[in-house]
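Undergrad: Structure provided below as structure tokens; questions to follow.
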There are 2 protein chains.
Amino acid sequence: MSKIEAKYTNITGGFWDRYRKLNREKIIYAIKKVNEETGRRGALDIEKIKSGEITPHKYWDSDLAKWIEAASYILKYHKDEILEKEIDDMVDLFCKNQDESGYFNSYFQHFETDMQFKKRRSHELYCLGHMIEAAVAYYEVSGKDKFLNMVKKYADLVYKVFYVEKSAAFKAPGHEEIEQALYKLYKLTGDKKYLELSLYFIDHRASEATEADYMWYGGVNLKYGQDHLPVREQRTAEGHSVRAMYLYMGVADIAKETGDKELLEVCDSIFKDIYNKKMYITGGIGAYNHVEGFGTPYFLPNRTAYCETCAAISLVMFCQRMGNIYPKSIYHDVIERVLYNGFLTGVSLDGERFFYQNVLEWDSEACYSNPTMDDGRTPQTPVPERQKEFSVLCCPANLSRLMGRLEEYIYSANEEAVFVNQYIPSNFEKELFGKKIAVEMTTSFPKNGEIKITAKNLKGKKLAIRIPQWCKNYTISEKGELQDGFYYISVDGDEITVTANFEMKPSLVFCNPKVRENAGKAAVMMGPVVYCAEGIDNEENIFSQLIDKDFSYEVEFSDYYNVNVLTVNGKKIKETETPFSNSVEYEKTKIKLIPYFGFANRELTDMRIFFNII
Amino acid sequence: MSKIEAKYTNITGGFWDRYRKLNREKIIYAIKKVNEETGRRGALDIEKIKSGEITPHKYWDSDLAKWIEAASYILKYHKDEILEKEIDDMVDLFCKNQDESGYFNSYFQHFETDMQFKKRRSHELYCLGHMIEAAVAYYEVSGKDKFLNMVKKYADLVYKVFYVEKSAAFKAPGHEEIEQALYKLYKLTGDKKYLELSLYFIDHRASEATEADYMWYGGVNLKYGQDHLPVREQRTAEGHSVRAMYLYMGVADIAKETGDKELLEVCDSIFKDIYNKKMYITGGIGAYNHVEGFGTPYFLPNRTAYCETCAAISLVMFCQRMGNIYPKSIYHDVIERVLYNGFLTGVSLDGERFFYQNVLEWDSEACYSNPTMDDGRTPQTPVPERQKEFSVLCCPANLSRLMGRLEEYIYSANEEAVFVNQYIPSNFEKELFGKKIAVEMTTSFPKNGEIKITAKNLKGKKLAIRIPQWCKNYTISEKGELQDGFYYISVDGDEITVTANFEMKPSLVFCNPKVRENAGKAAVMMGPVVYCAEGIDNEENIFSQLIDKDFSYEVEFSDYYNVNVLTVNGKKIKETETPFSNSVEYEKTKIKLIPYFGFANRELTDMRIFFNII
């Protein structure tokens, strides 16, 4: 299995096109502005550091690199001279500031200079990872190799210091990211030393971490940084969710590349653990605030959910790799779940504000006067209101780079078939099976489940269409066979047109009853979209409303949200004057639901996804 | 209205007698031991302070004073030479260490000596308040006035410094307590300056506090210490719950004493605000962890409930004062609710361990690996397991002193009637209406609701029996009239015997639906006792269980808990393998319930009070 790369694929409209426009017009510029305002961009000017005007944080380089990567993807589908010039200017500064040795870190080149490669938690290799990803992205889009050569030089130094001379003070970085970045560099350059180095970092994880390394996380144990066991022995998703996913992305890359069965088993187990026990209905991961990480199995609280936007994004990236290993729809189902929910909620509808933490329920009345975290707020997200800026700025550029790279989530192929993984209006042309294969898809998904796919030159091969997990009934115009969630259609002619209709209607979704917070409650989904109620749409206290178990609803398309909005029948508990009573009365009500990704775009108001059922 | 004081009343058996025994045999000694082990007791030895062996905290004197008060009450009903000698020894040291001026504080006499009465948040007057209460208590029980004279001398100094010379650096103390203590001292001595000083502190509250005073509480506003408005303008319960209740105890005392209508309105409003909007079903108060205080209206989360034991105790004390102003049963209903639930849960069944925080729900599986406060734990109560000791040791001695003083919650009287407020086997003899009134009550309450009361010499007056709020049907052997929750029986003869049967059966109790956390859920109560399910008694995951709305149950008396335990019919959600599903199946189950006060006495296990109803 391998993906059909973004460079061969074009998104031609539909739901995500609005976001691609938002990405190039608003999001990328909103992040650029914050990078400037916070001093990140200025830190590339050494004089400003020397004069004391700016003191960069150890991880700031990563934010700039991620912006370059995100901007690069935009250039693929939209010419923008401002963006291109800004990238070139930044690349010039990255290169100009690089040490003769190849070393680069805006902090350690000016502060604690004797501590380069001495502090495991210093984010140096994390920054390099993002620089590599940015350089590869920009090279692929523009053909310019200046940044690429710069990061290769740095990566070569890292190879020498860590792998050959072993003169660094640690063996594996505190914050993962470089593992899969090195794999990208290897794939682009063909230079095996990057692959070796990546595997070295993976296999030396947990070999040296001490409890003392983690005391600053409030006493949490070595799981925080996936240091509790050698990676090859890890079977459950633990600790900081983004770090974990970045690690397993690299593990999956290498497992696929080398056929390493041990590493593959790690990935399989981690995926199952997340999928069955540690993933929210929104595709969000990370239940614990304090470690920004995975909780114990089935611990998925709504109000105190952490669900960092970056964690959702990294889960998508991990699942993509799994989907490139196995022809199974489940990975793409998860990607779809994340994209339309836990990922998309990370940005406001106007593209200018971002969530770092994404809660699944909000009681506004109780929280505005409550200045601490009793109710799920963190320093990053003090109220359920998206922010223009946070001190840790990882999420916005991460969101933008995924938004600009959605093309590569749509199609994949193996020796026998072309796979349609996501339903997005698009086309691709690529040499496959020795022929020039062309596929075109049109759809209004997720407004409805009608899909039309035309494939050329696929004779003798198969077209495999993912049957979405949420879909109970579907019709497909061609006969086919279902396997592992894909519907395989054998192609006889030079051109085939397939229409599919995935029945898409609102339905109740229950969590596994072991999810203690939601046992007995249900959410409403329609297709891949998770719905929520906001106080602003519902006159009554939404927390005293229940949804009828004889589920009925009305559906209406909303231009504002670009998906359907729903009205479902329910009951509300009649108000009482007394604090306690021996019975309650219910009266009929209608509950208006909007897509979860669109919550908190109008005013600060209550929000809930899960309702009691009556 | 006035209470029939503890000195005239005897508890003669029943439910609370077991706790009085536990109090004198275990609790008071457990606290004594911790006072010794933590250095509190040793701090009365000046040499240990001077040598640096012990550095007392500014509030340690209050812990010792509360222990003296608690021990004094025990001496009323149980001769104990060890306790009496220990009190005398401590009193000797308190007196010996008192400055010539009258000043006493184990910290400020040795550290920051120039800061006496200079730091508003230093707890000096809080400590004096508890010393006064202890001295009054010991004098009343023993007739010994050494401690009383010592605290009078100190109170006189405070009067001079704060009221006459106004030379202290602040006008009203940061932590309330002294207000009602001064009232006690006034009532005992008849010296009006103590009343004046108490009113002065009340009326100068909020006159000088600045935001800066409160920055150390994480930016919370002036409500923390009831400094947001002049007391006379306060109408809602805000901020630190114990501080608030201690304040309003004093306000109620003075309102009753002086007939001050403004202060009375403050108390009325505060009570209503708590009763209607800020009190848990257990009688616990304080929804916010971070300020140990009141949340916004109807914010009463279960898992993150703070519900400090001291807050429950101080609510009892406040309600007692309100009950001494108005002949209304509601105050005694609240006292009963607190005593059998939010108060009693503060101590283990073996009397050796204590809760500081009292949560209303616990998900053990999720929490043991979660080292911070996501799930409601605080530094005082890291897991739902009672502790022998905490750094802030206010609750255990507070619990003990209320346990030893329950007599005074049973009866009260006004010009027209003797009131029976609590159902506890007891008797009293006291001169009232110019006659020697004797009342005797027998009951197995709260095992059942059968009460027998005999009153002598009450001819021409009334016997007023509280109809418990939880009771829907009752029979009383004599005719009477119901008013404000009291059943008034006019007494014709020299002796009257009244039997009452308050029907007591398990029932579902719903919160006001504005309590967002519990809308649609119900708890089970039987009489005044709130029930909970513990995992250890219920094989299945208790969080996937629901109680049948056609409520049915079995009742069995438990010697272990000394009340009934219940089995109620319900449903459990069938386990599934998938993380999400479009329907759930239920199967019948029986849910075993124990009294909430008895939870966490066996092993660390899940606990819940509120269940979804099906």
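We did not get these values from a lab; they are worked out from the coordinates using the rules stated. Treat the numbers as computed from the prediction; the structure is a model and nothing was measured. So basically every Cβ, Gly included, is an ideal-geometry build from the backbone, and we count neighbours across all protein chains shown.
Undergrad: What GluC sites (Glu not before Pro) in the range A:123-172 are in a loop by DSSP, with at most 13 other Cβ atoms within 10 Å of the Cβ?
TA: Details: sites: A:GLU124, A:GLU133, A:GLU140, A:GLU165; in loops: A:GLU165.
Within the range A:123-172, the qualifying GluC sites (Glu not before Pro) (loop, at most 13 other Cβ atoms within 10 Å) are A:GLU165.
Undergrad: Got a sec to turn the phi values of the range B:233-241 into Karplus ³J(HN,Hα) couplings, 6.51 cos²θ - 1.76 cosθ + 1.60 with θ = phi - 60°, whole Hz, x for Gly and Pro?
TA: 9, 6, 10, 10, 7, 9, x, 3, 5
Undergrad: A further question on this structure: Give me the percent of DSSP beta bridges within the range A:506-613 that run antiparallel, rounded to the nearest 5. Can you show the working numbers first?
TA: Numbers: 29 of 31 bridges.
Bridges in the range A:506-613 that DSSP calls antiparallel: roughly 95 percent.
Undergrad: For A:GLU81 and A:GLU431, compute 0.36 nm times the residue count separating them, minus their Cα-Cα distance, and round to one decimal in nm.
TA: Numbers: separation 350, 0.36 × 350 = 126.00 nm, distance 3.11 nm.
Length gained, A:GLU81 through A:GLU431: 122.9 nm.
Undergrad: Using DSSP to call loops (not H, G, I, E or B), can you name the chymotrypsin sites (Phe, Trp or Tyr not before Pro) in the range B:107-160 whose Cβ has at most 13 other Cβ atoms within 10 angstrom?
TA: Taking the range B:107-160 and a limit of 13 other Cβ atoms within 10 Å, the loop chymotrypsin sites (Phe, Trp or Tyr not before Pro) found are B:PHE111.
Undergrad: How shielded is B:277-287 by partner chains, expressed as the average number of their Cβ atoms within 10 Å of its Cβ atoms? Provide the component values of the computation, followed by the final result.
TA: Values: counts 1, 1, 2, 1, 2, 0, 0, 0, 0, 0, 3.
The shielding value for this peptide is 1.
Undergrad: If you count the DSSP beta bridges with both ends in chain A, what percent of them are antiparallel, to the nearest 5? The partial results should precede the final answer.
TA: Details: 76 of 82 bridges.
The answer is about 95 percent antiparallel.
Undergrad: Would you please name the trypsin sites (Lys or Arg not before Pro) within the range A:469-558 that are DSSP coil residues with at most 16 other C-beta atoms within 10 Å of their C-beta? Working shown, then result.
TA: Numbers: sites: A:LYS472, A:LYS479, A:LYS514, A:ARG516, A:LYS521, A:LYS549; in loops: A:LYS472, A:LYS479, A:LYS514, A:ARG516, A:LYS549.
Counting only loop positions with at most 16 other Cβ atoms within 10 Å, the trypsin sites (Lys or Arg not before Pro) in the range A:469-558 are A:LYS472, A:LYS479, A:LYS549.
Undergrad: Using amide H atoms built in the peptide plane, which far-off residues or other-chain residues are under 5 Å from A:SER106 H to H?
TA: A:ASP61
Undergrad: For chain A, what does the helix formula give at 222 nm: sum of -39500 (n - 2.57) over DSSP H segments with n ≥ 4, over the residue count, nearest 500 deg cm²/dmol? Present the calculation step by step, with values, prior to reporting the outcome.
TA: Numbers: 15 runs with 184 residues, N = 614.
The helix-only estimate for chain A comes to -9500 deg cm²/dmol at 222 nm.
Undergrad: Grab the Cα-Cα distance for B:THR12 and B:GLU53, subtract it from 0.36 nm times how many residues apart they are, and report the gain in nm with one decimal.
TA: Working: separation 41, 0.36 × 41 = 14.76 nm, distance 4.57 nm.
Taking 0.36 nm per residue and subtracting the Cα distance, the gain is 10.2 nm.
Undergrad: Longer than 24 Å from Cα to Cα, which of B:LYS187/B:LYS452; B:LYS3/B:LYS514; A:LYS7/A:LYS85; A:LYS261/A:LYS461 are they? Say none if no pair is.
TA: Values: B:LYS187/B:LYS452 34 Å; B:LYS3/B:LYS514 35 Å; A:LYS7/A:LYS85 21 Å; A:LYS261/A:LYS461 28 Å.
Too far apart for the 24 Å limit: B:LYS187/B:LYS452; B:LYS3/B:LYS514; A:LYS261/A:LYS461.
Undergrad: Over chain A, what relative contact order in percent results from Cα pairs under 8 Å that are six or more residues apart? Don't skip to the answer; put the middle values down first.
TA: Details: 1245 pairs, mean separation 79.3, N = 614.
Computed value for chain A: 13 percent relative contact order.
Undergrad: Expressed as a rounded percentage, what relative contact order does the range B:507-613 have, with Cα pairs under 8 Å and six or more residues apart?
TA: Details: 202 pairs, mean separation 37.9, N = 107.
For the range B:507-613, the relative contact order is 35 percent.
Undergrad: A further question follows. Could you check the spin-label model distance between B:ASN473 and A:VAL555? Points 7 Å from the Cα along Cα→Cβ, value in nm.
TA: 5.2
Undergrad: Residues with amide H under 5 Å of B:ILE614's amide H, sequence separation 5 or more or different chain, H placed in the peptide plane at 1.01 Å from N; which?
TA: Hits under the 5 Å cutoff: B:ILE547, B:ASP548, B:LYS549.
Undergrad: Against the globular-protein guess of 2.2 N^0.38 Å, express the Cα radius of gyration of chain B as a ratio, rounded to two decimals. Please list the in-between numbers first.
TA: On the way: Rg = 24.3 Å, N = 614, 2.2 N^0.38 = 25.2 Å.
Against the empirical 2.2 N^0.38 Å value, I get 0.96 for chain B.
Undergrad: Still on this model: Going by a ≥ b ≥ c, the root eigenvalues of the Cα gyration tensor, does the range A:411-502 fall in the rounded group (a/c under 1.5), the prolate group (a/b larger than b/c) or the oblate group? All intermediate terms of the calculation are to be shown ahead of the outcome.
TA: On the way: a/c = 1.81, a/b = 1.46, b/c = 1.24.
Cα axes put the range A:411-502 in the prolate bin.
Undergrad: By its C-alpha gyration tensor, with a ≥ b ≥ c as the square roots of the eigenvalues, how is the protein assembly as shown shaped: rounded for a/c under 1.5, else prolate for a/b larger than b/c, else oblate?
TA: On the way: a/c = 2.63, a/b = 1.77, b/c = 1.49.
In terms of gyration-tensor shape, prolate.
Undergrad: Can I ask one more? Using the Karplus curve 6.51 cos²θ - 1.76 cosθ + 1.60 with θ = phi - 60°, what ³J(HN,Hα) values do you get for each residue of the range B:251-257, in whole Hz, with x for Gly and Pro?
TA: Values, residue by residue: 4, 5, 4, 6, 4, 5, 5 Hz.
Undergrad: Exceeding 23 Å between C-alpha atoms, which entries from my cross-link table qualify? They are B:LYS328/B:LYS479; A:LYS193/A:LYS430; A:LYS119/A:LYS160; B:LYS272/B:LYS462; B:LYS171/B:LYS193.
TA: On the way: B:LYS328/B:LYS479 19 Å; A:LYS193/A:LYS430 29 Å; A:LYS119/A:LYS160 17 Å; B:LYS272/B:LYS462 28 Å; B:LYS171/B:LYS193 16 Å.
Distance filter (> 23 Å) returns A:LYS193/A:LYS430; B:LYS272/B:LYS462.
Undergrad: Once you sort the root eigenvalues of the Cα gyration tensor of the range A:38-204 as a ≥ b ≥ c, which label holds: rounded (a/c under 1.5), prolate (a/b larger than b/c) or oblate (the other case)?
TA: Details: a/c = 1.98, a/b = 1.14, b/c = 1.74.
Oblate.
Undergrad: Once you keep just the Cα pairs under 8 angstrom separated by 6 or more residues, what percentage relative contact order results for the range A:411-502? Don't skip to the answer; put the middle values down first.
TA: Numbers: 195 pairs, mean separation 25.7, N = 92.
Here the relative contact order equals 28 percent.
Undergrad: How large is ³J(HN,Hα) for each residue in the range B:508-523, as worked out from phi by the Karplus curve 6.51 cos²θ - 1.76 cosθ + 1.60 (θ = phi - 60°), to whole Hz, x for Gly and Pro?
TA: 7, 10, 9, 7, 3, x, 6, 6, 4, 5, 10, 4, x, 9, 9, 9
Undergrad: Considering amide H positions built from the backbone, and no H for Pro or chain starts, which residues 5 or more places from A:GLY293, or on another chain, come under 5 Å of its amide H?
TA: A:SER241, A:ALA287, A:TYR288
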